[in-house]
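A.B. asks: Handing you this structure, nothing more for now.
Every read-out reported here was derived from the displayed coordinates using simple, explicitly stated rules and does not represent laboratory data. Remember, it's a predicted structure, so these values are computed and weren't measured experimentally. Glycine also receives a Cβ, built like all others from the backbone with ideal geometry; neighbour counts cover every protein chain displayed.
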Ligand code: ADP
C-alpha cells in the first residue's frame, strides 16, 4: 500500500495528539475536554472549519447562537461566515480535490478508518454535544454517535474500496473494436446540507462515501445543531480542505453560493421536501448531480390478528425514539376496527409505564424511555396545531399533548411535549398529511386490508416501512421522499463518475 505524502497529514497528526488526551474517559462513554467537546467547540467560537482551520465571521454579521433545546440556555456563540465563508470553503475543497483524488483508494480507506477510531475515542464528548445542541436523550445521543461511526467503519472496508477501484472490461472484439474498460473517478467537490435531527449521522453518511470515493466536501449543518458537524470535521485525519464545514443562520446565502458554483459538482441534501426541491432546481443551472433524502409519513398497520403487546412495544420504541423527531417515525397508525379498543387501552398503559418526559441529560427510570424536548418552540407549536386540527375535526385526545416547561427556564423553554394518543383520526386531518415530528400517536380505524394498504400508499411520500437503518444497506425514499440512496455499496455510486476507455 502506498503512503500519502506526510506533508498532507500534518494537520491530522496534530489532531490525533489532541485526541490522545481524551481517549481514556471518552472511550468509556464519558465526556472530556477534547477537541470534540462542547467546551472546546464553544471556546473556539469558529462557526466555519475551512482548509483545516477555523474561519472568521463575515464583517458585521451577527453571531450564530446555539441554544440548549431543554434549558433554553446558551451553549455556544459562533462566528457566522455566511456567503464569504461558503466561497472560501468551495475554494479550499477545489484546491484539495486533485491531490485527494490522486491518493490511492486504500490510503483513503485507511484514513476513513482512522476517522472512525477518532469518533470512538471521542464518543462521550460527541454524545454530550448532541444532548446540548439537539436536546437528544443520553441513549439517543450515544446511539447516534455509534450510528455515525458505523458509516465511517463501513466505508473504510476493503469491499468498499474495491467497489471504487473496480475496473469492468467490455469485450468489443466481435465488432472488431478491441477491448474497452470502465473505471470510476470521483465527481469532484460535493456540497452536503444536513438537518438538525441527526446532525452527526446524516453528515457521516454523506462524507464517508464521498471522501472514500476521492471527493472533497463543503458541508452546511442546520443552524440549530452546528457543533456536531464542526466536531466531525475537526476529528477528521484528512488533509486540509478535504472536509470543510460552514455553519450559518443564513442557509439560503450559503446554499445559493454553492448551487451557483461551477466547481461544486454534486449536492446531497437531507431535509424538508420544499427546500430539497428548490436546491435541485438551483443545482440544474450548473448541471450538478443531486441526491435528496426528504420527509416521510410512515404507516404502522395493526391487523385484527396482530400480537397486540408486540405491536404496542414496537410502536412505542419506533415513535418515542428522538421524541418522534425522525423522518422514518411511524406517524400514521391504522388499527383494525375490531381491536381499536384493546389496542388503545394497551397503548395508553404502555405510554403511562414507558414514557418518561423530562430532562434529556438525566437517565430515565429503569425500563422507561426518556421523552426529551422538541428542537425549538416552532416545533412545539406545530405539534399543538396538528393536535388542535384533529380535535376540531372530531378526533379524541385520550392522553398527553401538554407541554412541560423545564424546571429552571422560567417557563420559557423545555419544549417537552407529553406523548399524545389520539383516536378517530381521519386521512383528511393534518396529522395524516404532514409530519408532526413529535411524540404523537394518531390512531385511525380500518375495516379491510385492501382499504388500509390503499390508504397507507395514498400519499406522495414513501420513505420507510422499517424502524432502523444500517450502514450496509441502501436507504432512501421514492416519489417526494427523495432521489438516490445512501449507505451500502450503492451509496458510493453518486460520488463516482464512470469513465469508458477503449484500449488498442
Ligand atoms: P427542517 O424543517 O427539518 O428544519 P429544512 O429543509 O428547513 O428542514 O432544513 C434542512 C437543512 O436545509 C438545514 O441545514 C437548513 O439550514 C437547510 N436549508 C434550509 N433552507 C435552505 C436553503 N434555502 N438553501 C440551502 N439550505 C437550506
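A.B. asks: How big is the antiparallel share of DSSP beta bridges in the chain, given as a percent to the nearest 5?
C.D. replies: Details: 31 of 64 bridges.
Close to 50 percent.
A.B. asks: Helix 123-134 versus the longest principal axis of the chain: what is the Cα-based angle in degrees, 0 to 90, to the nearest 10?
C.D. replies: 60
A.B. asks: How much of the DSSP bridge set in the range 298-458 is antiparallel, in percent, rounded to the nearest 5? If you can, show how the numbers build up before the last one.
C.D. replies: On the way: 5 of 20 bridges.
If we restrict to bridges inside the range 298-458, about 25 percent are antiparallel.
A.B. asks: Given points 7 Å out from each Cα along the Cα-Cβ axis, report the residue 352 to residue 450 separation in nanometres with one decimal.
C.D. replies: Result: 4.0 nm between the two label points.
A.B. asks: Rounded to the nearest 500, what is the chain's calculated 222 nm mean residue ellipticity when only DSSP H runs of at least 4 contribute -39500 (n - 2.57) each, over all residues?
C.D. replies: Values: 16 runs with 194 residues, N = 504.
Theoretical 222 nm ellipticity from helices: -12000 deg cm²/dmol.
A.B. asks: Run the quick spin-label model on residue 284 and residue 98: label points 7 Å from Cα toward the beta carbon, then report their separation in nm to one decimal.
C.D. replies: 3.4
A.B. asks: Averaging sequence separations of C-alpha pairs under 8 Å and six or more residues apart, then dividing by the length of the chain, give the relative contact order as a whole percent.
C.D. replies: So the answer I get is 17 percent.
A.B. asks: In addition: What nm value, rounded to one decimal, do you get for the distance between residue 366 and residue 307 when each label is placed 7 Å out toward the C-beta?
C.D. replies: 2.5
A.B. asks: I'd like the distance separating the alpha-carbon centroids of the range 311-358 and the range 32-50, in whole Å.
C.D. replies: Using only Cα atoms to place each centre, the spacing works out to 38 Å.
A.B. asks: Ranking request for peptides 136-145, 347-356, 237-246: highest mean number of other beta-carbon atoms within 10 Å first, then the rest in descending order. Each step should come with its number before you reach the end.
C.D. replies: Numbers: 136-145: 24.1, 347-356: 18.2, 237-246: 26.9.
In decreasing order of mean packing, 136-145, 347-356, 237-246 become 237-246, 136-145, 347-356.
A.B. asks: Something else about it: Please label the shape of the range 75-118 as rounded, prolate or oblate, based on the square roots a ≥ b ≥ c of the eigenvalues of the alpha-carbon gyration tensor (a/c under 1.5 means rounded; beyond that, a/b larger than b/c means prolate, else oblate).
C.D. replies: Working: a/c = 6.70, a/b = 1.48, b/c = 4.52.
Note, shape of the range 75-118 comes out oblate.
A.B. asks: What is the range 298-458's relative contact order, in percent, from Cα pairs under 8 angstrom and six or more apart in sequence? Write down the numbers at each step before the final one.
C.D. replies: Details: 292 pairs, mean separation 42.4, N = 161.
RCO, the range 298-458: 26 percent.
A.B. asks: Follow-up. Just want the ordering: 326, 194, from fewest to most Cβ atoms lying within 10 Å of their own Cβ.
C.D. replies: Lowest count first: 326, 194.
A.B. asks: For a quick protection proxy, order the peptides 220-226, 104-110 by their average other-Cβ count within 10 Å, most packed first.
C.D. replies: On the way: 220-226: 24.6, 104-110: 19.0.
Most protected by this proxy first, the peptides run 220-226, 104-110.
A.B. asks: Please say if the range 88-139 is rounded, prolate or oblate, where rounded means a/c under 1.5 for a ≥ b ≥ c the square roots of the C-alpha gyration tensor eigenvalues, and otherwise the choice is prolate for a/b larger than b/c and oblate otherwise?
C.D. replies: Values: a/c = 4.78, a/b = 1.78, b/c = 2.68.
Cα axes put the range 88-139 in the oblate bin.
A.B. asks: Let me ask something additional. Given a Förster radius of 30 Å and the C-beta distance between residue 263 and residue 499 as r, what FRET efficiency does 1/(1 + (r/R0)^6) yield to the nearest 0.05?
C.D. replies: Values: r = 19 Å, r/R0 = 0.65.
My answer for the efficiency is 0.95.
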